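I have placed the structure first, in the form of structure tokens, so that the comments after it can refer back to it.
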Amino acid sequence: MKERMLRKIRETIVNMVYRANVSHVASALSIADILYVLYFKVANISLENINSKNRDIVILSKAHASAALYSVLYHKGFLSKDYIDGYSVDNGKLPCHIDKDKSNFFEVSGGSLGHGPSLGAGFALAKKMDNNSGRVFVIVGDGECNEGSLWEAIMFVSTHKLNNYTLIVDYNKLQGFGTTDKIICQNNLAERIKSFGFKVYEIDGNNIEETEKTLKLKSKTPIAIIAHSVKGKGVSFMENKLEWHYKSPNEEQLNIALRELKEKY
Ligand SMILES: Cc1ncc(C[n+]2csc(CCOP(=O)(O)OP(=O)(O)O)c2C)c(N)n1
């Protein structure tokens, strides 16, 4: 069955990036499915409970892919259209990288890679201390795993046995200037994270059913999900193409992308 929302989310992403003439469209398309599953099927976050301490927390640490988060929050009804129209334009409501003060639905600010995992660890520890049941989901890129601060967070989460913490690695094998294996190889990521006492799953991060099933699992230990994904997923000429980390589509490319999305989703 086609999940129409996946098309809408992607259409909004490519339109936003085109209008603002900014980078990171492929990074956003890579995590559109994960964010959709989190906000529409798994995470306990709603208009009603947004100010409650007991709700879940979702942190997009690879915040350069903010267009995906903004699009999902818009389609979920958490952000109004004027936010989307004001993405990365003068006096607009949404900056390219996430600014937590712009909406209650942004958990943390982001842009400098490697900070989300530790911020998430703080939320997870606080939830444990408060005896509250909420879970914390942190999404990082595979290139972001090069950051030492990510490993500090993993050690902290493991020491404090924060089993309400789930790290999701968007493993699309590309980063800004090359393939992840050539820059700092992350091939044995699952074994390394496992060695810190995490329960680790490897999934297809663009498969909705598998992603939903895995994100709903609970464990006595912290969880990490290595989500194998395709950078640029859904637009053939962007898929697995390094240059689409930085390029923005022109009008012709936008129209081809929108046509393709209509066919696929
Ligand atoms: C600390 C830090 N160093 C460098 C950058 C610049 N930068 C932005 S995106 C990016 C590549 C990230 O790659 P990855 O985490 O694999 O994400 P994806 O490929 O999904 O975009 C880099 C190096 C940054 N934002 N923060």
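The values are calculated or read from the model by the stated rules, or taken from the named source; none is laboratory data. Values in this document were obtained by computation on a predicted structure and should not be read as measured data. As a convention, Cβ positions derive from the backbone with ideal geometry for all residues, glycine included, and neighbour counts pool all protein chains shown. For accessibility, only protein heavy atoms count, side chains too; no ligands or nucleic acids. Shrake-Rupley method; radii C 1.70, N 1.55, O 1.52, S 1.80 Å.
Need one number: nm distance between label points at residue 46 and residue 97, each 7 Å from Cα along Cα→Cβ, rounded to one decimal.
Label at residue 46, label at residue 97, 3.5 nm between them.
Could you work out the relative contact order of the chain, using alpha carbon pairs under 8 angstrom and six or more residues apart, expressed as a whole percent?
25 percent
Under unit Cβ charges (Lys, Arg +1; Asp, Glu -1), what dipole magnitude, rounded to 20 debye, does the chain have relative to its Cα centre?
It comes to approximately 680 debye.
For region 4-264, give the percent of accessible area contributed by carbon and sulfur heavy atoms, probe 1.4 Å, rounded to a whole number.
Answer for region 4-264 is 49 percent, counting heavy atoms of protein chains only.
How tilted is helix 116-129 with respect to the longest principal axis of the chain? Cα atoms for both, answer in degrees (0 to 90, nearest 10).
40 degrees
Considering the dipole of the chain built from charges on the beta carbon (Lys and Arg +1, Asp and Glu -1) around the Cα centre, which of 133, 97, 39 is farthest to its positive end?
Final value for the positive-end residue is 133.
Provide the gained length on full extension for the span residue 129 to residue 112, in nm with one decimal, where the gain is 0.36 nm per separating residue minus the Cα-Cα distance.
3.3 nm
Can you pull a Stokes-Einstein diffusion coefficient for the chain at 4 °C (1.567 mPa s), Rh from Kirkwood over Cα pairs, as a whole number of µm²/s?
71 µm²/s
Just the number please: accessible area per residue for the chain, 1.4 Å probe, all protein chains included, in Å².
43 Å²
Just from the alpha-carbon atoms, what are the Rg and Dmax of region 56-192 in angstroms?
According to the Cα coordinates of region 56-192, Rg and Dmax are 15.8, 46 Å.
Taking the Cα centre of region 171-265 as origin, sum charge times position over the Cβ atoms of Lys and Arg (+1) and Asp and Glu (-1), and report the length of that vector in debye to the nearest 20.
460 debye
Using a simple charge model, +1 on the beta-carbon of Lys and Arg, -1 on the beta-carbon of Asp and Glu, nothing else, what dipole does region 1-53 show about its Cα centre, in debye to the nearest 20?
For this selection, approximately 120 debye.
Using 10 Å bins from zero, what percent of all Cα-Cα pairs in region 201-265 falls into each bin?
18, 37, 26, 15, 3, 0
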